[in-house]
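Here is the structure we will look at.
The values are calculated or read from the model by the stated rules, or taken from the named source; none is laboratory data. All values reported here derive from a predicted model rather than from experimental measurement. In this analysis, Cβ positions are derived from the backbone assuming ideal geometry, glycine residues included, and neighbour counts consider all displayed protein chains. Surface areas here come from the heavy atoms of the whole protein model, side chains and all, with no ligands, DNA or RNA. Shrake-Rupley method; radii C 1.70, N 1.55, O 1.52, S 1.80 Å.
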Amino acid sequence: MKRQDVEDIEIKLLLEGIFQVHGYDFREYAEASIRRRLTQWLQCSGFGSFSEAQAHVLRDHELFNCLLDGITVNVSEMFRDPLFFKAMREDVVPHLKTYPFIKIWVAGCAAGEEAYSLAILLCEEGLEGHYRIYATDINEKTLKQAADGIYPIEKIQQFTQSYQKAGGKRDFADYYTARYDSAILAQKLKNNIVFASHNLTVDAGIGEMHMVLCRNLLIYFKAALKERVLALFDGSLANGGFLCLGVKETLSGRGIAGRYMEMAQGMRIYRKQYV
Amino acid sequence: MYRNRQFCAVVAGVSMGGVEALRILLGGLPVNFRLPLLIVHHISADSGSDLAKLLGARCAIHVKEADEGEAITPGTAYLAPPNYHLLVEKDGTLALSVDMPVNFARPSVDVLFESAADAFGAGLIGVILTGAGFDGSNGLRKIKDNGGLAVVQDPSDAEADSMPRSALAAVEADHVLPLKDICGLLCSLESSCLSRSTPNETKGNTNDRTR
């Protein structure tokens, strides 16, 4: 048997062990990406093989947390895909304004970039104080960073450009304070965001949301897990609510597709139909 | 040239000078070319997805932007979307990721090449074309390590020569050719292959190297 085939078996065994011991289920993640990340983690870990690492990962919670950190996506960008946020501002916000209070779930929020982008957009559209964003992730360390809302200063230039392309109405500098090599987001953006731990592979949904954003996470899942997570979102959305996916993700061919209509062309904003 | 050897896919990496290079490479392939091509072209994150359309209009083979989860079809060239890594699963489907940039690039040539080397083994042809930087060198080495074929554009023929030079420093390339001759090489490599097979089906049959 080739070395690589043995390694594939070791990865399967490790992921099974992690699920049974720590409750995190990566067994239904698409293999190419998880293999790449695990291999990188192994190289830095000092263990000679996944089998050797497994004995320690299953017993040592600290070590597992370090592995978790290595194999989850922990960083995003503010206003990634500016045209998506522009479409949200123009096509979705008018509908959101009809609700007295808006509840939004940002699933897989990484370091909070998307949740804060959304908060900025909602505030500019006059909805400050009228919304709550539930931003969830499986990685506790990342959630802590998200709640702090502190980003490396060198990222601000890119965030600012994207903000402008997304139809931002103010000066992006209004939303952060630069200190040394960091930018700290304004407190008013943090007021209405709840950061919480949530595991899409095993936990239940959160009801009853007017919008669910989960962008560029489903690309990491195999088909069965995609279906599970989409059903979870469907169950968490009120009729007339909005489901937002990444620009390279689609509902077409998925079980829940029949109940949804795509809003802005190509921006993967879907609206749940009133039955 | 490689009798009894079955290739099942081509991966290509290109950076500076890439649009013109891809126009020549893909434009030179005939309509009955059966191997799928997976391509990473370094482009800025906010460039649109028009390159596939632009190239498709000038090529006999089908050119499209890669979609997540789609099955690789023979005779089609897939371009990595802007701001996503492109990877290959072992079942012959395409995957995308937003993992951190690799070698300052997303999409990264290394990410594509390394996953394709896992999926296709000795059935893979890796091609490094014009470009600045060094992305793709590690990936090409992995393709060679897994028994695949390494093709590098002659640096003296490349608009930017550092990517081909870096690749040549990292691996002993099987072919170093000017761009216009790479089309002909791919056609001759393709002629004996079973391009409809999935990677796993062809993997066992590809050890007979007759070079």
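Note on segment B:92-111: residues that are out of contact with any helix residue (DSSP H, G or I) (no Cβ under 7 Å at 6 or more places or on another chain) and more than 8 Å from every other protein chain (Cβ to nearest Cβ) amount to 8. Would you be able to tell me the number of residues in segment A:223-232 that are facing another protein chain (nearest Cβ under 10 Å) and modelled with pLDDT of 95 or more? Qualifying residue count for the region: 1. Filtered by the rule that a residue be open to solvent by less than 40 Å² (accessible area, probe 1.4 Å), part of a loop (DSSP other than H, G, I, E, B) and of a type outside the set (Asp, Glu), segment A:218-254 gives A:Gly246, A:Val247, A:Lys248, A:Leu251.
Restricting attention to segment A:114-140, the residues that are touching a Lys or Arg at 6+ places or on another chain (Cβ under 9 Å), outside any strand (DSSP E or B) and surrounded by fewer than 22 Cβ atoms within 10 Å (Cβ to Cβ) total 7. Against the condition on the phi > 0 side of the Ramachandran plot and modelled with pLDDT of 95 or more, how does B:Gly136 come out, does it pass? Criteria met by B:Gly136. The residue that is farthest from the chain's Cα centre (by Cα), among those in segment A:233-258 that are modelled with pLDDT of 95 or more and polar (S, T, N, Q), is A:Asn239.
Among the conditions (1) open to solvent by 10 Å² or more (accessible area, probe 1.4 Å); (2) at positive phi, the only one that B:Gly121 does not satisfy is (1). Within segment A:44-60, restricting attention to residues that are open to solvent by 40 Å² or more (accessible area, probe 1.4 Å), part of a helix (DSSP H, G or I) and modelled with pLDDT of 95 or more, the residue that is nearest to the other protein chains (Cβ to nearest Cβ) is A:Ser51. For segment B:145-153, the criterion of being free of Cβ contacts under 8 Å to residues at least 60 places away in the same chain, more than 11 Å from chain A (Cβ to nearest Cβ) and open to solvent by 40 Å² or more (accessible area, probe 1.4 Å) is met by none of the residues.
Residues are listed down the side, and each one gets a yes or a no for (1) within 14 Å of another protein chain (Cβ to nearest Cβ); (2) buried (at least 22 other Cβ atoms within 10 Å of the Cβ); (3) of a type outside the set (Val, Ile, Thr):
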| residue | (1), (2), (3) |
| --- | --- |
| B:Gly28 | no, no, yes |
| B:Leu38 | yes, yes, yes |
| B:Ala45 | yes, no, yes |
| B:Cys59 | no, no, yes |
| B:Thr73 | no, no, no |
| B:Lys90 | yes, no, yes |
| B:Phe113 | yes, yes, yes |
| B:Ala117 | yes, yes, yes |
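Check whether at least one residue in segment A:153-169 is assigned to a loop (DSSP other than H, G, I, E, B) and open to solvent by 60 Å² or more (accessible area, probe 1.4 Å), and report yes or no. Scanning segment A:153-169 turns up at least one residue that is assigned to a loop (DSSP other than H, G, I, E, B) and open to solvent by 60 Å² or more (accessible area, probe 1.4 Å). The residue list A:Lys86, A:Lys97 contains one member that is within 14 Å of chain B (Cβ to nearest Cβ), over 24 Å from A:Thr142 (Cβ atoms) and either charged (D, E, K, R) or in contact with a Leu (Cβ under 9 Å, 6 or more places away or on another chain) (or both), which is A:Lys86.
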